[in-house]
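**Q** One structure is given below, represented as C-alpha cells, and several questions about it will come after.
The values are calculated or read from the model by the stated rules, or taken from the named source; none is laboratory data. Keep in mind that what you see is a predicted model, and the values were worked out from it rather than measured. Cβ sites come from the backbone with ideal geometry, for glycine too, and all protein chains shown count toward neighbours.
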C-alpha cells in the first residue's frame, strides 16, 4: 500500500492556536483521543473537566449547554435529540415501577401517549389533573401511594388549547406533597418568564421548578430544520441523576445541529418578539370573525388563564407566536378542513416557531378527558411573513370555505 495513505491519517501538522471568530467552532467526534493511559483512566464524563467520548460532549455541545442553562436561569443542561426525548429522558431517569406521573389534561399529546403506553407497561401509573384548578392537582397527589416521589409535569401554555395555569400555585402544591416538578417551557422559550424564579423578589429561596425542558426545535433553532431538546436544572444531585440516565440511554446530538442552534440563539429574543407581535394582531383579527366562538391566546382577555399569564408574563409582556381558534359547532369539520386547505401562505404541518406560518385543525372532543369546548379548533403558528398578508390569506380562505 502507498505509504502516503498512512501519512494522510498521521500527518504531524497542527494548526496554530489562538484563532478567534464570532461563530463557535464545530467539533465532530465519536472517538476522543487521550495523551496516555493515565489520562484515559483519570477523566470522567460526569463533569465538564475533559472529554471522554463524543456522546458525552464536545467543546461545541458544551457551549450550547451552557448557553441554554443561562437562557433558562439554570445551572446545568443536557442535550437530547428532540423535545419529546427531553420529556422521555426525565420520565425514564426519575420514575420506576410503582411510581406515579401527574400530567395536565392539556399535556402535549406524545407525552400522554408515552405515559399510557410505555410507562404503563413498566408499572408506572399516571393521573391527569385540570391545570386551571390547583385543587385537582392537590387531590391527584393526595391519592399517590406513600413512600414514592411523584413527578408532576407542568405546561404553560397548554398544548393546542393554550390554557395558562397558575404555575406558582401548582408548584406550591407539588412542594407540599414532596413531588418533583418539571416544566415544558417550549412556549416560553426562556423569554416569557423565568421557570426557576416564578415569583421575582421573593427572596433568597425563589419559587421555581426542579426541571425545565425545551424543544430547541422551536424558538432557539427558529429555522424549522433542527430536531433537538434540552433538560435544565439547578440542583447538582438531580442533574447527576438525569445525566446518568442520559448516558445509559445513549442520547446524543449532531454537531451540525448544535451549530445551527448556536447560530440562531443571538436572534432568539428578536424573533420571539416578532412572532409575538404578529400573532397578537392576527388573533385580534380572528376575534372579530363570526365563524369562530373563541380565540385562545394567553395574552388576550377572555382566554383561559389570561390572568395567570398577566401575573407571570405581564411585566415582560411576552407571549409566543401561537394561538388557536374554535369554530362554531354549526360548521362541520370538513368545512374547517376546507378552510385550512384553501390557505395559501400557511403551511399544513406540525411544529412551530419557524419562518413559515402553519395551520393545523384538531378535533377537540378527541383531545381532552373533559373537553372545555365543542367544535373544531385550528391552531396557528405565526411565522415571519407580513401580518397584513396573513390576514388577507385567512380572509380569502374563509370566503372559499364558508362563502364569507
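**Q** Give me a count of the residues in the stretch 379-397 that are outside any loop (DSSP other than H, G, I, E, B) and touching a helix residue (DSSP H, G or I) at 6+ places or on another chain (Cβ under 6 Å).
**A** Residues flagged as outside any loop (DSSP other than H, G, I, E, B) and touching a helix residue (DSSP H, G or I) at 6+ places or on another chain (Cβ under 6 Å) within the stretch 379-397 amount to 4.
**Q** Output the residue which, of all residues in the stretch 49-61 that are without any contact (Cβ under 8 Å) to a residue 24 or more places away in the chain and surrounded by fewer than 18 Cβ atoms within 10 Å (Cβ to Cβ), is nearest to residue 218 (Cα to Cα).
**A** Restricting to residues being without any contact (Cβ under 8 Å) to a residue 24 or more places away in the chain and surrounded by fewer than 18 Cβ atoms within 10 Å (Cβ to Cβ), the top hit is 53.
**Q** Is it the case, given these coordinates, that residue 195 is under 17 Å from the mean Cα position of the chain (by Cα), on the phi > 0 side of the Ramachandran plot and outside any helix (DSSP H, G or I)?
**A** On the way: under 17 Å from the mean Cα position of the chain (by Cα): yes; on the phi > 0 side of the Ramachandran plot: no; outside any helix (DSSP H, G or I): yes.
Answer is no for this residue.
**Q** Further question on the same structure: When you check residue 324 against the structure, is it closer than 19 Å to residue 187 by Cβ and at pLDDT below 95, yes or no?
**A** Spelling it out, it is not the case that residue 324 is closer than 19 Å to residue 187 by Cβ and at pLDDT below 95.
**Q** Take the residues of the stretch 201-235 that are without any contact (Cβ under 8 Å) to a residue 12 or more places away in the chain and on the phi < 0 side of the Ramachandran plot: which is surrounded by the fewest Cβ atoms within 10 Å (Cβ to Cβ)?
**A** Only one residue fits best here, namely 204.
**Q** Same structure again: Return the pairs, sorted by first residue and then second, in which the second residue is assigned to a loop (DSSP other than H, G, I, E, B) and buried (at least 17 other Cβ atoms within 10 Å of the Cβ), the first residue lies in the stretch 303-320 and is at positive phi, the beta carbons are less than 7 Å apart, and the residues are 6+ apart or on different chains.
**A** From residues that are at positive phi, the pairs are 305/132; 305/163; 305/164; 305/165; 305/298.
**Q** Considering each residue of the stretch 118-136, count those that are surrounded by fewer than 19 Cβ atoms within 10 Å (Cβ to Cβ) and assigned to a loop (DSSP other than H, G, I, E, B), and give that number.
**A** Number of matching residues: 3.
**Q** With the checklist (1) in a loop (DSSP other than H, G, I, E, B); (2) surrounded by 14 or more Cβ atoms within 10 Å (Cβ to Cβ); (3) in contact (Cβ under 8 Å) with a residue 60 or more places away in the chain; (4) assigned by TED's automatic domain parsing to the domain that holds residue 213 in hand, flag the one item residue 46 doesn't pass.
**A** All conditions are met except number (2).
**Q** Related question: In the stretch 312-339, what residues are surrounded by fewer than 17 Cβ atoms within 10 Å (Cβ to Cβ) and either under 24 Å from residue 155 (Cα atoms) or not assigned by TED's automatic domain parsing to the domain that holds residue 365 (or both)?
**A** Hits for the stretch 312-339 are 314, 315, 316, 317.
**Q** Further, regarding this structure: Could you tell me whether any residue of the stretch 64-73 is under 15 Å from the mean Cα position of the chain (by Cα), crowded, with 22+ Cβ neighbours inside 10 Å and closer than 27 Å to residue 141 by Cβ?
**A** yes
**Q** State all residues of the stretch 77-106 that are in contact (Cβ under 8 Å) with a residue 60 or more places away in the chain and part of a loop (DSSP other than H, G, I, E, B); if no residue qualifies, say none. Show your work before the answer.
**A** Step one: of the stretch 77-106, the residues in contact (Cβ under 8 Å) with a residue 60 or more places away in the chain are 77-87, 89-94, 102, 104-106.
Residues satisfying the conditions are 81, 82, 105, 106.
**Q** Can you say whether residue 284 is over 20 Å from residue 217 (Cβ atoms) and free of Cβ contacts under 8 Å to residues at least 60 places away in the same chain, as far as the supplied structure shows?
**A** Yes: the conditions hold for residue 284.
**Q** State all residues of the stretch 75-100 that are more than 30 Å from residue 146 (Cα to Cα) and surrounded by 16 or more Cβ atoms within 10 Å (Cβ to Cβ); if no residue qualifies, say none.
**A** 76, 77, 78, 79, 80, 81, 82, 83
**Q** Within the stretch 279-306, how many residues turn out to be surrounded by fewer than 20 Cβ atoms within 10 Å (Cβ to Cβ) and either in the same structural domain as residue 105 (by TED's automatic domain parsing) or under 23 Å from residue 190 (Cβ atoms) (or both)?
**A** Here the count works out to 3.
**Q** Looking at the structure I just gave you, is residue 160 in contact with a strand residue (DSSP E or B) (Cβ under 8 Å, 6 or more places away or on another chain), modelled with pLDDT of 95 or more and part of a loop (DSSP other than H, G, I, E, B)?
**A** For residue 160, the condition - in contact with a strand residue (DSSP E or B) (Cβ under 8 Å, 6 or more places away or on another chain), modelled with pLDDT of 95 or more and part of a loop (DSSP other than H, G, I, E, B) - is not met.
**Q** Then there's this: Given (1) surrounded by fewer than 21 Cβ atoms within 10 Å (Cβ to Cβ); (2) without any contact (Cβ under 8 Å) to a residue 40 or more places away in the chain; (3) within 20 Å of residue 91 (Cβ to Cβ), where does residue 252 come up short, assuming only one miss?
**A** Status for residue 252: all satisfied but (2).
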